[in-house]
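Student: Pasting in a structure now, in structure tokens, and then I'll have a few things to ask.
Rule-based calculations on the coordinates, nothing more; no lab input. Since the model is a prediction, treat every value here as computed from it, not as a measurement. Here the Cβ is made from the backbone with ideal geometry for all residues, glycine too, and neighbour counts use every protein chain on show.
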Amino acid sequence: MRPGLEYHEPEPGALLVSVLSGNEELALALADRLEAEFGPIDLSSFWISFSHSQYYTREMGEDLGRYIFFFAEPLARQELVAAKQICDRLEREYAVAGGRRVNLDPGYLALEHLILASTKAVPHRPYLGEGIYADLTLVYECGQYIPLRWSYPDYSSDYVRALCGEVRDKILRLRKQGVWRI
């Protein structure tokens, strides 16, 4: 280490898990399992139609939708890999005949950005370890979360970005109270 250089852990993020499924009831039922793993859900989206892509149709069927659950407990950013592994285990547990019935994508919201965990390597996703990549999905600029050219359309929506803004406001309140930490 260079003299005078100190390393600091970044502030924790707010864990989120996206639950994509063709069965809204199953997606809601998974909320209980996710709370058992990650603690209480603090904020949930409404059921968001997933109609902008056919990527999952062959495996999971038509008429897909998603919930995005934000959790109350702060997440140390380096724990994103472990969160993705837990979500992958749950996907396998709920699979039928080798096909997924749910797709679970964890991520964290920080004051400066939204990061999702992915197992797919593409140029804009830095490798985190253990087969997991970080997908920079939104960045905070000019008072709002802004999508990037590769951001998923549903995360780019005004609705999801407003949810992120609500969570960001909560983080700022808790931070001011001195309780936003691990």
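Student: What are the ³J(HN,Hα) couplings of region 69-85, residue after residue, when phi is run through the Karplus curve with 6.51, -1.76, 1.60 and θ = phi - 60°? Round to Hz, x for glycine and proline.
Tutor: Along region 69-85, the couplings run 9, 9, 9, 6, 7, x, 10, 4, 4, 5, 7, 4, 4, 4, 4, 5, 5 Hz.
Student: Scan the chain and hand back the longest stretch that contains none of the chymotrypsin sites (Phe, Trp or Tyr not before Pro) lying in DSSP loops with at most 14 other Cβ atoms within 10 Å.
Tutor: Looking at the chain, 56-149 is the longest stretch - no exposed chymotrypsin sites (Phe, Trp or Tyr not before Pro) with at most 14 other Cβ atoms within 10 Å.
Student: Nothing charged except the Cβ atoms of Lys and Arg (+1) and of Asp and Glu (-1): what's the magnitude of the dipole of the chain about its Cα centre? Round to the nearest 20 debye.
Tutor: Its charge dipole is roughly 420 debye.
Student: Taking DSSP loops as anything outside H, G, I, E and B, show the longest stretch in the chain free of GluC sites (Glu not before Pro) there with at most 16 other beta carbons within 10 Å.
Tutor: So the longest stretch without any such site is 7-61.
Student: Can you grab the distance from the C-alpha centre of region 6-39 to the C-alpha centre of region 122-155, Å, no decimals?
Tutor: 17 Å
Student: Each residue of region 134-144 in turn: what ³J(HN,Hα) in whole Hz from Karplus with 6.51, -1.76, 1.60 and θ = phi - 60°, glycine and Pro shown as x?
Tutor: Working through the residues one at a time gives 9, 9, 5, 9, 9, 10, 8, 8, 6, x, 7 Hz.
Student: In Å and whole numbers, how far do the C-alpha atoms of region 124-182 stretch along each principal axis, longest first?
Tutor: Computed over the Cα atoms, the extents are 36, 31, 18 Å.
Student: From the square roots a ≥ b ≥ c of the eigenvalues of the alpha-carbon gyration tensor of region 1-83, which class results: rounded (a/c under 1.5), prolate (a/b over b/c), or oblate?
Tutor: Cα axes put region 1-83 in the prolate bin.
Student: In region 61-145, which trypsin sites (Lys or Arg not before Pro) fall in coil by DSSP and have 11 or fewer other Cβ atoms within 10 Å?
Tutor: 120
Student: Then there's this: Nearest 10 degrees, 0 to 90: what angle lies between the long axis of helix 24-38 and the longest principal axis of the chain (Cα atoms)?
Tutor: It is inclined by approximately 40 degrees.
Student: Then there is this: Helix 158-176 versus the longest principal axis of the chain: what angle, 0 to 90°, nearest 10, using Cα atoms?
Tutor: Helix 158-176 sits at roughly 40 degrees to that axis.
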